Structures are given as structure tokens and as C-alpha cells.
Amino acid sequence: MTDLNVTQLGRVVDAPDSPEAAVLERVPNPQSDVLYLARFVAPEFTSLCPVTGQPDFAHLVIDYAPGDWLIESKSLKLYLTSFRNHGSFHEDCTVKVARKIVEIAQPRWLRIGGYWYPRGGIPIDVFWQTGPAPEGLWVPDQGVQPYRGRG
């Protein structure tokens, strides 16, 4: 394996205390000349309500068309875990995750669906993308049903 310049892969790493303390890492994309879609699914994303401190849960679906870089998945897992004790509204969490991935990996395109489980009887779904999908990119449905006792 070549030097990937990663600090977490293959090592024991404690969960970061906050998204600001988390290190999201990238690795070179060996298929950077090919237009394709990669998907990360985090069905148990957790954060805290910034007002009540109560836990909030979401099913995140992150689709991106890599350019020169891939997101290293262990660092993504640790980054997402860093939200567990972080107070932020659903919209902020969802967009913050997407913008961090864009900052680090500089993908050709990215979209995120944050499907939040209801608190107070109202589910909040948050969607964001960097722009139109590139011509010729196969973008499948995210596969998360509208709320009806999601699970």
C-alpha cells in the first residue's frame, strides 16, 4: 500500500468531541478519469437538539461523483460520530456534513438527503446539492421512503 497520507485508517482513534475537532480525510481516486457515483449511507446519524439537548436521529444518504479524491470512509464515520454530542438543528447538521465533504474531496458533484426522524410529531427532511448532476451520471433514487414509521 502506498503512503496515503491518512492519520486514522489502520489505527485506534478516539471519537472526536465535536465536528470542529474531527478530521475528515481524503485519498487519491484511482479512477479519477471515470464519471461515477459513490454513495455513503448512515442510517443511524445522531446529533443533539441545540435547545433541549434531546437526541435527534437521521438517515443520511450522501451521493457524490468523485474527482481526484475519495473520502476515506473511516474518517467519515468518525466525522459523523462527532455530531453525537453536538447541538445543531437538522438543517445545519445536514448541510454542514455536505459542505465539509465538498471542502475536503472537491467532488465533481454531491447531493445529500437528511431524513430526520420526527420529534414533536414532525419529521424534517433536508436536501442539498452542489448543482445539477453532471451529464451522463447515473443518479439512482436515494431509496428512503417518505415518513411512515421509517425503519
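Just so you know, all these numbers are worked out from the coordinates, no wet-lab data involved. Just so you know, these numbers come straight off a predicted model, no measurement behind them. When we count neighbours, we look across all protein chains shown, and the Cβ atoms used for this are built from the backbone with ideal geometry, even at glycine.
Below are the figures for this structure:
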item	result
Qualifying trypsin sites (Lys or Arg not before Pro) in segment 48-151, DSSP loop, other Cβ atoms within 10 Å at most 12	Arg148
Karplus-derived HN-Hα couplings along segment 30-39 (A = 6.51, B = -1.76, C = 1.60, θ = phi - 60°), whole Hz, x at Gly and Pro	x, 10, 5, 8, 10, 7, 8, 10, 10, 10
Longest DSSP-loop-exposure-free segment, chymotrypsin sites (Phe, Trp or Tyr not before Pro), the chain, at most 16 other Cβ within 10 Å	37-88
Förster-model FRET efficiency, 30 Å R0, Val139 and Phe89, C-beta, rounded to 0.05	0.65
Euclidean distance between Cα centres, segment 1-76 to segment 101-151, Å	15 Å
Nearby aspartates and glutamates by direct alpha-carbon distance to Lys96 (threshold 14 angstrom, same-chain neighbours under 8 apart not counted)	Glu20
Angle in degrees between helix 90-105 and the longest Cα principal axis of the chain, rounded to the nearest 10	10 degrees
J(HN,Hα) series, segment 114-127, from Karplus relation 6.51 cos²θ - 1.76 cosθ + 1.60, nearest Hz, glycine and proline x	x, 9, 8, 6, x, 10, x, x, 10, x, 10, 9, 10, 10
Average Cα contact separation per residue, segment 79-134, under 8 Å, 6 or more apart, as relative contact order %	31 percent
FRET efficiency for Arg99 and Thr52, using Cβ-Cβ distance with R0 set to 25 Å, rounded to 0.05	0.50
Whole-percent pair-distance distribution, where bins are 10 Å wide, for the alpha carbons of segment 35-129	16, 51, 26, 6, 0
Segment 10-50: GluC sites (Glu not before Pro) in DSSP loop, at most 11 other beta carbons within 10 Å	Glu20
Added length on full extension, which subtracts the Cα-Cα distance from 0.36 nm per residue, Lys77 to Val12	22.1 nm
Of the GluC sites (Glu not before Pro) in segment 52-151, those whose Cβ has at most 12 other Cβ within 10 Å and which sit in DSSP loop	Glu135
